[in-house]
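Q: One structure is given below, represented as C-alpha cells, and several questions about it will come after.
Every read-out reported here was derived from the displayed coordinates using simple, explicitly stated rules and does not represent laboratory data. Keep in mind the model is a prediction, meaning the values are calculated, not measured. Glycine gets a Cβ as well: all are built from the backbone with ideal geometry, and neighbour counts include every protein chain shown.
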Ligand code: ADQ
C-alpha cells in the first residue's frame, strides 16, 4: 500500500523543479528554480503527466506529502543539514563535480561524504520504487544519483530504468582517482540505457566498465553476466527552441531590449555573459580578456559594454564563495581602471532572472561570450541562438563546451588561451553582418531541429524499444 499516486513516468532528480519560498507572514509558495536541468525536463514532464521526485532545497524539513504545483506532480525527499553538507555540498559538489570537470578544481575524497551519498541515493531509490507503477519507466537524472539505478533495480526488476548524465563523464585517467569508482560504475549499470551529452563521454564509460568491472562490451553496449544488455550512448541535450524564440519576438521583450540599451547609454555593441557562478564556466578569464582589450586600446568603453550575469550558486561551498570574491574584485578593478562616469566597462549582476529578462538580454547582446573550461552541454549558448531570429549576433564559444560539437559556426575558443580569446572577441566584435548572418543561420538550423522535446523523445523512445529483460532470478542467464 502506498500514499503516493503511482505514475508511469517517474523522473528522479536531486532537486525538485521548484524552490520553496517562505514569505515574511509565514506563507509558503513555490518558485520555478533556475538551472539547465529544470529548463530541459519541465516540458517532458508536462507532456507525459509524470511524477518528479526530488529534494525541495531546504534542510531539516519534515518530510511532506506529494503535491501538485503549476500542473506538475511533485514528490519531495527530505535531507538533513548533515546530508546537505555531506551528500550535496560534499560528495556531489566537492568530489564528483570537479572530478568530472577535468579536475578544474581539486576534488576532495572523504569517506563520510561517500557514506552520506550511499544513504541518500538509497532514499531516492526507495521513493522511486514506491511511486513507479508496474512496468513504469523511471528516468534518473545526473551525477548526484548515480547509485539509484542499481538500488532501484534490486527492488523493482519490472521497471525500465534510464539514466542521464548532464555533466561530462571524465576519461579513465581522472575517473580512476575515485576511491569508489567501481561502486559508481556498478550503480549506473542498474539502468537499461545510460545517456551522455557526447559520444566521447559514453566511450569513456564503456571503456571503464570493460577495464574496471570486467564486463563484455561491444560498441555502445555492455553485456552483464546475467545477459542483460546496458546501452551507453550520447543524447546531446537541447532547449525549448520555439518557446525561446516566441518569447524573443514578444512585444514585452522587444520593449525591454530598448530599455536595456537606453539604460546602458546606447553603446554601439553589447557583449554578454550569462552563467551560474561556477569555476567551470571561465567567467574570470573572459572578463580579464575583455579588460585587456580595453587596456590595449582595441575596445573603447564609449563603444562597448560587457554585461555579465552570474546566477548565485552553491553559496555555502567555500570554493564558490572565493570565486565570487575574485570575480567581484576583478570587475571592480576593470571598472576602476577603465570606466567613465555613466560608462562602466562591465555591468555585473549577481542574480537570477525570469526567462523574459534572459530573452531580452540575449536579444540585446551583439556578442555572446560562453567560455567554460569544461561543460556538459551549455544551454545558454543554445538559448542565445534560439533568440536570434533575425540571424544576427555573434557567439564566442569554448571548444570545451559540449555545445561546441553542434555549434561549429561559433567563434570557437580555448578558454585557457587568453590571447586567443582576445583575438576571437575582437573578431566577433568587428564581424560584418554577412559573416554573422552566415554563421548564425547555420547554428539556428541545428538548434531548431534538435530541441529539448526531440532530446527527451529520442531518449525515451530508445529506452522503450530496448529488448525487454526479465528479472534475472526467474530467467536463466544468456551467453551473449
Ligand atoms: P548548468 O551548469 O546550470 O547545467 P547551462 O547548461 O548553461 O549550465 O544551463 C543554465 C540554465 O540556467 C540556462 O537554461 C539559463 O537560461 C539558466 N540561467 C543561467 N543564468 C540565469 C539567471 N541569472 N537567471 C535565470 N536563469 C539563468 C548543467 C550542466 C550543463 C548542461 C545542463 C543541461 O552543467 O553542461 O548543459 O545541465 O544538461
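Q: With both bridge residues required to lie in the stretch 327-480, what share of the DSSP beta bridges run antiparallel, to the nearest 5%?
A: Close to 10 percent.
Q: Using alpha carbon centroids, what distance separates the stretch 69-121 and the stretch 261-314, in Å?
A: Comparing the Cα centres of the stretch 69-121 and the stretch 261-314, I get a distance of 32 Å.
Q: So for the chain: antiparallel DSSP bridges make up what percent, rounded to the nearest 5?
A: Antiparallel bridges make up about 25 percent of those DSSP assigns within the chain.
Q: Among 371, 436, 22, which comes first, then next, by fewest other beta-carbon atoms within 10 Å?
A: Ascending Cβ contact count within 10 Å gives the list 22, 436, 371.
Q: Let me ask something additional. Using helices alone, what [θ] at 222 nm do you get for the chain, with -39,500 (n - 2.57) per DSSP H run of 4 or more residues, divided over all residues and rounded to the nearest 500?
A: Rounded to the nearest 500, the figure is -12000 deg cm²/dmol.
Q: Taking the beta-carbon count within 10 Å as an exposure proxy, list 348, 362, 223 from fewest neighbours to most.
A: 223, 348, 362
Q: Can you sort 445, 382 by how many other beta carbons sit within 10 Å, fewest first?
A: Ordered from fewest to most neighbouring Cβ atoms within 10 Å, 445, 382 come out as 445, 382.
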